[in-house]
Amino acid sequence: EARSELHRTMPLSGLLVLLAVRACAASVRGGVPGGERVGARVAAPSYSTQDTHSAVERMMKEYDPALLWASRLLPLQTAQDAGALYAWCRRLDQIVDTPDSDDAKKRAALDEWKVRLDMLWKGAPTDALDAALSSTVSRHPTLHKAPFEDMLAGMRADAVAQRRICSFNPDLLEYGYQVAGTVGLMLLPLLGVTTELEQAKARIPAVALGTAIQIINIIRDVKADVALGRVYLPQDEMSRLGVREEDVMAGVCTPAYRRLIRRQARRAAVLLRSAEAGAHQLPHHSPALALVIIEMYREYLLELEYRGYDNLSGGRISISAGRKIIATVRALKKHVQAL
């Protein structure tokens, strides 16, 4: 299975699954609900969407196959709008993950991405993929700019040579919001969460789901992140448990390291339970989608437990198509029972 970025994401897929996945919502930065909306919009150039939709699906298949699986549950227009979000988030993610680019170039590219965001928000997109997002913004009046800017802030934090996370709370939780919870905020309007009351009800389970997925993907991607000079495991806990960074870098799975990973996995499991408890507050088809994502990521935790919390030896933590089907059926059964 390919690396599932936007983990750091990510997805964030089309994004729609990213949607549930990283899913589901968090508070907007600052004190004004919603943040900036579009003023007078410029008529966007006419772009063909066929190539855009095909490109989005290829992205999902390569980077987020589990999300692609779940995305089939969404109505076509919702899937296309979510796909536009996914494309924006995925390309932003790739700026920071380019291995042959130095930090100064990454920061310059992020500055350019902010300019492109401003342009598409005004209805003047730079390319077809930006045009898809610009159209999505036009269709959803409660889709605000703040979560996009917050995601950019999270990506800037990664544009350093040696990325480290000091603690679980607040550092990893804040980072989880920036690169995962923001996706949920972006997706909520697409799922029909359009009023302030609905958004208030959706925020807690949404943040829990996004954070859980973030932690699970961090666990799954330790080896890949180490290759990029990143260690997202809490440094204070590594120190207390006696986990040496040089051992992690070398791929040495010690008993202390297994305890560290087990601790993160258990946190993710608690967050998934919290997300499940609130999933039924979401409108329309959203509870079913959220439950599919939740059950899918529980399978990743089961696989990790089966491996004895060793994510350094062997291949990346992944699940088969058969297990995805089982997770989907289990989720839909829960959804029907709750009706």
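The values are calculated or read from the model by the stated rules, or taken from the named source; none is laboratory data. Small disclaimer: the values here were computed from a predicted structure and weren't measured. Cβ placement follows ideal geometry from the backbone for every residue including glycine, while neighbour counts extend to all protein chains displayed. Just the protein is used for accessible areas: all its heavy atoms, side chains included, with ligands, DNA and RNA removed. Shrake-Rupley method; radii C 1.70, N 1.55, O 1.52, S 1.80 Å.
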Proximal lysine pairs, the stretch 97-161, alpha carbons under 16 Å, eight or more residues apart or interchain: 5
Cα gyration tensor shape of the stretch 99-220, rounded if a/c is under 1.5, else prolate or oblate by comparing a/b with b/c: oblate
Accessible area in square angstrom per residue, the stretch 242-327, 1.4 angstrom probe: 43
Nitroxide proxy distance, nm - points 7 Å out along Cα→Cβ at ALA224 and GLN337: 3.3
Nearby aspartates and glutamates by direct alpha-carbon distance to LYS223 (threshold 13 angstrom, same-chain neighbours under 8 apart not counted): GLU245, GLU246, ASP247, ASP310
Mean Cα-pair separation over length for the stretch 87-174, i.e. relative contact order, pairs under 8 Å, 6 or more apart, %: 32
Magnitude of the charge dipole, the stretch 51-131, Cβ model with Lys/Arg +1 and Asp/Glu -1, debye to 20: 180
Three-way shape label, the stretch 260-309, alpha-carbon gyration tensor, a/c 1.5: oblate
Most to least packed among 114-125, 161-172 [average Cβ atoms within 10 Å]: 114-125, 161-172
